[in-house]
Ligand code: PLP
């Protein structure tokens, strides 16, 4: 009997008891390859000795100090490090404890910016269907993940909704990639105009979509177009890189590959690599200066913001990534992983799409490759794949169901940056086996 309210209330998950490198061991001594870093979190793997040593030293020196009294050397150093590597102009940082908190802070910072510059009539956000921005109420409101939102609907603020950039499913056969991108941008502009651009605070989007669609990349020029539209109507662009950021796609921030600078950007998972709960909002001075020159107070705050131990873990993780040149390694190992997935699953009758960037890859399952018919959501193929993968000693992050009319099963693969080619081969091997076994079990 467990007193914890687990995610699924009628079952108690296995206990994880130890972890090292890219493996986690459960209470029965079974070892799993961490093929998704949890949920794209463990970028350095588990038990990294330097991160642990830094953590121990920080706990001995200063475990915690409340930010209404103090800042700390280590949180200042982490902010300096993040700004030194951020897109040009993103030179302010707000620390929180995770991704949802980062989104909440970004939404509130954006709203307060407009209040302080004398545009309080801006109260709306626009976001995309098939998106996930977290589970707190503000984050759920901007998220487009209907099954997560449904039961909380009256509590959620109203958000303008546009199509995701989902080329595999939504680009018409007779449409070029460029025309598809233009169509999406035209829809965004129409939505801005219909809602009244003077009422809109911000456009919120994951640069590369993670949890709802399995490493869905934007088409070339999409985010440049979004940036231009936001500029045209004075709307802030909020990039959610909680999952796809901090090196996962091969550059520290995925927006670098889009050639744009957002006004606000949320980061979390890979920031602390799972060693401590930490997230952050990166902000431009454009957004922060009017507040500091205006009321001088961001109306926000949590007990654990700027937590020194969390900051120490994140700083150590980022310093190891920088020192060991792990971002180029994400690109080279990512190319290896993509080739291995293509080799093993590229012609599989039930694999419709293999996509992603760096060590952030997705596989979409379909009943029929030709017409891309998804599996009946009631079959819960993704759950079968997850269970079978665990039987095979592999952790991957599958998702599925019906999301705003889009039905489909996906698997997200996001191994630690330190995974070797041999590890990646094993991940692909165990995944391919799990997919085949799961398909047999639903026939
Ligand atoms: N934003 C994105 C893009 C995410 O993928 C997630 C979590 O998966 C969140 C926000 C929420 O982060 P957290 O679970 O740390 O609250």
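General observations
- When the helices (runs of 4 or more DSSP H) confined to the range 93-198 are screened for residues that are under 19 Å from residue 244 (Cα atoms), those reaching at least 3 such residues are found at 99-116, 137-142.
- Here the condition is being more than 21 Å from residue 145 (Cβ to Cβ) and at pLDDT 90 or above; of 393, 356, 362, it holds for 393 alone.
- Selection within the range 98-131 - farther than 19 Å from residue 286 by Cα, touching a helix residue (DSSP H, G or I) at 6+ places or on another chain (Cβ under 7 Å) and within 9 Å of the ligand (Cβ to nearest atom): 99, 100
- Residue within the range 304-319 that is closer than 26 Å to residue 71 by Cα and surrounded by fewer than 20 Cβ atoms within 10 Å (Cβ to Cβ) present: yes
- The one condition in (1) within 18 Å of residue 102 (Cα to Cα); (2) modelled with pLDDT of 95 or more that residue 193 fails to fulfil: (1)
- Filtered by the rule that a residue be within 11 Å of the ligand (Cβ to nearest atom) and touching a residue at least 60 places away in the same chain (Cβ under 8 Å), the range 193-212 gives 204, 205, 206, 208, 209, 210, 211, 212.
- Residue count for the range 273-296, restricted to those that are away from the ligand (no atom under 16 Å from the Cβ) and assigned to a loop (DSSP other than H, G, I, E, B): 4
- Members of the range 247-261 that are in a loop (DSSP other than H, G, I, E, B) and more than 12 Å from the ligand (Cβ to nearest atom): 247, 249, 250, 251, 252, 253, 259, 260, 261
- A count restricted to the range 15-53 and to residues that are in contact with a strand residue (DSSP E or B) (Cβ under 9 Å, 6 or more places away or on another chain) and either touching a residue at least 60 places away in the same chain (Cβ under 8 Å) or within 16 Å of the ligand (Cβ to nearest atom) (or both) stands at 17.
- Scanning the range 213-240 for residues that are free of Cβ contacts under 8 Å to residues at least 40 places away in the same chain and either in the same structural domain as residue 359 (by the TED database) or closer than 21 Å to residue 171 by Cα (or both) gives 223, 224.
- Within the range 46-53, one or more residues are farther than 26 Å from residue 413 by Cα and modelled with pLDDT of 95 or more.
- Applying the set (1) assigned to a helix (DSSP H, G or I); (2) farther than 28 Å from residue 419 by Cβ to residue 67 leaves exactly one unmet item: (1).
Yes or no, residue by residue, for (1) touching a strand residue (DSSP E or B) at 6+ places or on another chain (Cβ under 6 Å); (2) within 22 Å of residue 235 (Cβ to Cβ):
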{"site": "268", "(1), (2)": "yes, no"}
{"site": "285", "(1), (2)": "no, yes"}
{"site": "305", "(1), (2)": "yes, no"}
{"site": "308", "(1), (2)": "no, no"}
{"site": "319", "(1), (2)": "no, no"}
{"site": "330", "(1), (2)": "no, no"}
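The values are calculated or read from the model by the stated rules, or taken from the named source; none is laboratory data. Computed from a prediction, not measured in an experiment: that's the story for all the values here. Ideal geometry is used to build each Cβ from the backbone, glycine not excepted, and the neighbour counts take in all protein chains shown.
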